[in-house]
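The values are calculated or read from the model by the stated rules, or taken from the named source; none is laboratory data. Everything quoted here is computed from the prediction, not taken from an experiment. Note that each Cβ is placed from the backbone with ideal geometry, even for glycine, and that neighbours are counted across all protein chains shown.
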Amino acid sequence: MSCSVVSVGHIVSSVAPNTGSGETVSFADHFTASEQFDHIFKDGMALVERTAAYLDGAGRKDAKALSAAINVVYATESMRLTTRLLDLASWLLMRRALRAGEITQEEAHVKRRRIRLGVVARPAHVKNFGELPRTLRSLIEESFALQDRILRMDRAIEDARAGRSGTTDNPVGNQIAALEAAFAGGAQLAH
């Protein structure tokens, strides 16, 4: 299916030619109502649950087997992981509440400004990261992959909300590229 993207005021809207009505749909509304959002929401919440189960269970046993120096790294990285997952879960829950009509667009925008996405150093910058238990390293890596997906979507949604398109050379092409980037890893937008 071919879609065209049109900037209308401060909202990027998608018009699918086969809808017959010519009705525009907000990208944020369309995305949040999509199966892709449901999939990311389920993946994110499952990661939160798996992380909590590990840190409260097998992770305690793993931490006791570490040297004192590595135990400090374990404590630091598990705290960073928990903080990152709380922010990601907050973003997902905020988007779901908006979809359900529990909050307004403006309330969602205010809540979004309080959520910190992407502010922690990657594992490559952490001394002795490779000495942490494999399960913790895996959970951390999964959390960064989820964060990257959410950041791409968040940027596309926020850019659409603000009416930004990257450059003025080709606004429609830039908006399509932003949407494609947001959906990277999933179905690509045909144009």
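Of the residues that sit in the stretch 94-123 and are aliphatic (A, V, I, L, M) and within 12 Å of Glu77 (Cα to Cα), which one is surrounded by the fewest Cβ atoms within 10 Å (Cβ to Cβ)?
Pass one, the stretch 94-123, residues aliphatic (A, V, I, L, M): 94, 97-98, 100, 103, 108, 110, 115, 117, 119-121.
Those still in the list that are within 12 Å of Glu77 (Cα to Cα) too: 120-121.
Values: Val120: 19, Ala121: 8.
Ranking the qualifying residues of the stretch 94-123, first place goes to Ala121.
All but one of (1) free of Cβ contacts under 8 Å to residues at least 12 places away in the same chain; (2) in a helix (DSSP H, G or I); (3) over 15 Å from Leu151 (Cα atoms) hold for Arg113; state the number of the condition that does not hold.
(3)
Report, by residue number, each residue of the stretch 136-191 that is in a loop (DSSP other than H, G, I, E, B), hydrophobic (A, V, I, L, M, F, W, C) and at pLDDT 65 or above.
Phe183
Looking at the stretch 59-106, which of the residues that are among the polar types (S, T, N, Q) and assigned to a helix (DSSP H, G or I) is farthest from Ala124 (Cα to Cα)?
Out of the qualifying residues, it is Gln105.
Would you mind finding the one in Val119, Val72, Val110 that is over 30 Å from Gln36 (Cα atoms), of a type in the set (Val, Ile, Thr) and either out of contact with any Pro (no Cβ under 8 Å at 6 or more places or on another chain) or modelled with pLDDT of 90 or more (or both)?
Val72
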